[in-house]
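Shown next, in structure tokens, is the structure this report addresses.
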Protein chains: 2
Amino acid sequence: MDRIPILRLGRFLLVTIQVDMHDRLALTLQDDLTEQIVSSRARGVLIDISALDIVDSFIGRMLANIASMARILDAETVVVGMQPSVAITLVELGLSLPGIRTALNVDRGMDLLRASGESEDPTSGSRELT
Amino acid sequence: MDRIPILRLGRFLLVTIQVDMHDRLALTLQDDLTEQIVSSRARGVLIDISALDIVDSFIGRMLANIASMARILDAETVVVGMQPSVAITLVELGLSLPGIRTALNVDRGMDLLRASGESEDPTSGSRELT
């Protein structure tokens, strides 16, 4: 497995992480995802981590990087499907996933993305990077 | 990785196959999926195979089994995201995936499921198994 598939769901992109992440795979995912955000004009990215039993600082940093890159490209990122034990471990390790929004599952994550898309002022046009 | 995550998307379930399938994983997926169809009252199952470079007779049989089981539980199955090279190989091998509906991507697969759900007679109630 050399890349993680990115699925398009309407205006959003969905990534399901099922395999052990390593450096090269994380870089490929970042490349693919940023390209897809631009080519599909996606407004949001959903990252499902329900298959992960462990979220360590490497995964946490990768998620934060993806969220930052997506934000610059004007797309919101929501991490969904976190296992209860992962949430416990993250807090115990002092990893609070700064800058990452979470939701219980894909449905709720899409609701969150839709709500944040609607709350933006439609007259303001695209956000400027300052 | 001992199981493949099943994501709920409204009335549908989405499975992304990213890892090499083997007997036990396929059985676990069948168990999980049939359970989820019942517990979430799903009307459709989307199986994304965009990460697969090869679909052999084992995978073909697994997909056909899942589609048959889902059908008995009154849910339609659509396989989405097939790579062009996979389609070529399947035809060359004489594997035509009988009983399996396909769509280009998740969005089109969901359209297909929605359309087939609407075309059913709402007064007829649940289908009977004969």
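Couple of notes before you dig in:
- Neighbour-count order for B:V38, B:V45, fewest beta carbons within 10 angstrom listed first: B:V38, B:V45
- Ratio Rg/Rh, restricted to chain A and using Cα atoms, in which Rh is the Kirkwood radius: 0.96
- Each residue of region B:79-93 was assigned a 3J(HN,Hα) from its phi angle through the Karplus curve 6.51 cos²θ - 1.76 cosθ + 1.60 (θ = phi - 60°); the sequence is 8, 10, x, 5, 6, x, 5, 5, 4, 4, 4, 4, 5, 4, 7 Hz, with glycine and proline shown as x.
- The antiparallel fraction among DSSP beta bridges confined to the protein assembly as shown stands at about 25%.
- Annotation note: trypsin sites (Lys or Arg not before Pro) in region A:1-104 located in DSSP loop regions with a Cβ neighbour count of at most 12 within 10 Å are A:R41.
- Kirkwood hydrodynamic radius of the protein assembly as shown, from inverse mean 1/r over distinct Cα pairs, in Å: 19.5 Å
- Remark on B:G44: its backbone amide H falls under 5 Å from those of B:L13, B:E76, a criterion applied only to residues 5 or more positions apart or on other chains, H modelled at 1.01 Å from N.
- Residues A:R3 and A:A115, FRET efficiency given R0 of 25 Å [Cβ-Cβ distance, rounded to 0.05]: 0.20
- Calculated from backbone phi, Karplus (6.51, -1.76, 1.60) coupling profile of region A:101-112 in Hz, x at Gly/Pro: 8, 10, 8, 4, 8, 4, 4, 5, x, 5, 4, 4
- Rounded to the nearest 20, the Cβ-based charge dipole of chain B about its Cα centre (Lys and Arg +1, Asp and Glu -1) stands at 220 debye.
- Sorted by Cβ neighbour density within 10 Å, fewest at the top, the residues B:M21, B:M62: B:M21, B:M62
- Remark on B:V80: its backbone amide H falls under 5 Å from those of B:I47, B:D48, B:I49, B:A103, a criterion applied only to residues 5 or more positions apart or on other chains, H modelled at 1.01 Å from N.
No lab work stands behind these numbers, since they all come straight from the coordinates. Because the structure is predicted, anything quoted here is derived from the model rather than measured. Positions of Cβ are generated from backbone atoms using ideal geometry, with glycine treated the same way; all protein chains shown enter the neighbour counts.
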